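First the structure, in the form of structure tokens, and then the observations on it.
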């Protein structure tokens, strides 16, 4: 006979945790879907590498969601995008082309 009412012994349940940035509505009206599909096509065509072109599409997608109140308005730097010296960089000091600061290769 099983213990604790479940076959095979006690069950281990993990407590669900909320998303880091809270909940956000789904895009039921597909307002930002064209940008999302472009981004996914870009990733597929670049074998999953988030190149500059794809990164700009992801930024446009996030902006679309913010413009339509599908997510909280936030600064792009808080979402992983940085502006340094006129060049857009991802957080962590990586430049769009994958190189680090002053021409050093990214780690």
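Brief remarks follow.
- Cα gyration tensor, the stretch 27-72 - rounded (a/c under 1.5), prolate or oblate: prolate
- Which of 24, 13 has the fewest Cβ neighbours within 10 Å, and the rest in rising order: 13, 24
- Counting other Cβ atoms within 10 Å as a rough exposure proxy, the listed residues 21, 65, 55 run 21, 55, 65 from fewest neighbours to most.
- Spacing of the two label points (7 Å from each Cα toward its C-beta) at residue 41 and residue 53, in nm: 1.1 nm
Each value in this text was obtained by applying a stated rule to the coordinates, not by laboratory testing. If you're wondering where the values come from, they're calculated on a predicted model, not measured in any experiment. Please note: Cβ atoms are built from the backbone with ideal geometry, for glycine as well, and neighbour counts cover all protein chains shown.
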